[in-house]
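Report on the structure given below.
The values are calculated or read from the model by the stated rules, or taken from the named source; none is laboratory data. Predicted model, so just to flag it, every value in this text is computed and none were measured. Backbone-built Cβ (ideal geometry, glycine too); neighbour counts: all protein chains shown.
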């Protein structure tokens, strides 16, 4: 695998892609003030290095609700009885395989996991709870917090400021 060295162009490219990855390579190159070939080559390299994991469309829940109805988002704390590596790995594998689980975080101190889940409604949450929590004898405690409003959702990662030259 290629050594990972990120220069100012890479950092600017990553920042721009985090803002809007749907732009054409030509538009991206113009914003960065580099050639389209450079922009494309750098983007491909960042994908190959695994720095760019994937590109997705972020859906706006309130607008989608007009067509599908409001969903239910919950932040769920999960504590296990046994915290050995095998037990943690087993629960994590089940959680990440469930389509309703949007995010799965192994945390410390406190609960063992924090999950962000999205379901259609409360019966959907009950089915999720049955699948992930009730049927697992190692789940000791579950605390769910149901979202009333999403005030901010920003999936971008902070990057160092590129050098100004």
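Please enumerate the residues belonging to the range 2-19 that are outside any loop (DSSP other than H, G, I, E, B) and closer than 14 Å to residue 160 by Cα.
8, 9, 10, 11, 12, 13, 14, 15, 16, 18
Take residue 57 and decide whether it is at pLDDT 95 or above and either out of contact with any strand residue (DSSP E or B) (no Cβ under 8 Å at 6 or more places or on another chain) or farther than 22 Å from residue 125 by Cβ (or both).
Values: at pLDDT 95 or above: no; either out of contact with any strand residue (DSSP E or B) (no Cβ under 8 Å at 6 or more places or on another chain) or farther than 22 Å from residue 125 by Cβ (or both): yes.
When the stated conditions are applied, residue 57 does not pass them.
Within the group 98, 112, which residue is within 21 Å of the chain's Cα centre (by Cα) and over 25 Å from residue 61 (Cα atoms)? Full working, then the answer.
Details: 98 fails: over 25 Å from residue 61 (Cα atoms).
Residue meeting the stated conditions: 112.
Every residue, every condition in (1) surrounded by fewer than 16 Cβ atoms within 10 Å (Cβ to Cβ); (2) under 17 Å from residue 141 (Cα atoms); (3) free of Cβ contacts under 8 Å to residues at least 12 places away in the same chain, yes or no:
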{"site": "10", "(1), (2), (3)": "no, no, no"}
{"site": "21", "(1), (2), (3)": "yes, no, no"}
{"site": "33", "(1), (2), (3)": "yes, no, yes"}
{"site": "43", "(1), (2), (3)": "no, no, no"}
{"site": "50", "(1), (2), (3)": "yes, no, yes"}
{"site": "60", "(1), (2), (3)": "yes, no, yes"}
{"site": "64", "(1), (2), (3)": "yes, no, yes"}
{"site": "108", "(1), (2), (3)": "yes, yes, yes"}
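Yes/no per residue for (1) surrounded by fewer than 16 Cβ atoms within 10 Å (Cβ to Cβ); (2) assigned by TED's automatic domain parsing to the domain that holds residue 109:
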| residue | (1), (2) |
| --- | --- |
| 15 | no, no |
| 25 | yes, no |
| 36 | yes, no |
| 54 | yes, no |
| 67 | yes, yes |
| 70 | yes, yes |
| 74 | no, yes |
| 84 | yes, yes |
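Going by what's in this entry, would residue 129 be described as under 19 Å from residue 99 (Cα atoms), surrounded by 12 or more Cβ atoms within 10 Å (Cβ to Cβ) and without any contact (Cβ under 8 Å) to a residue 24 or more places away in the chain?
Values: under 19 Å from residue 99 (Cα atoms): yes; surrounded by 12 or more Cβ atoms within 10 Å (Cβ to Cβ): yes; without any contact (Cβ under 8 Å) to a residue 24 or more places away in the chain: yes.
When the stated conditions are applied, residue 129 passes them.
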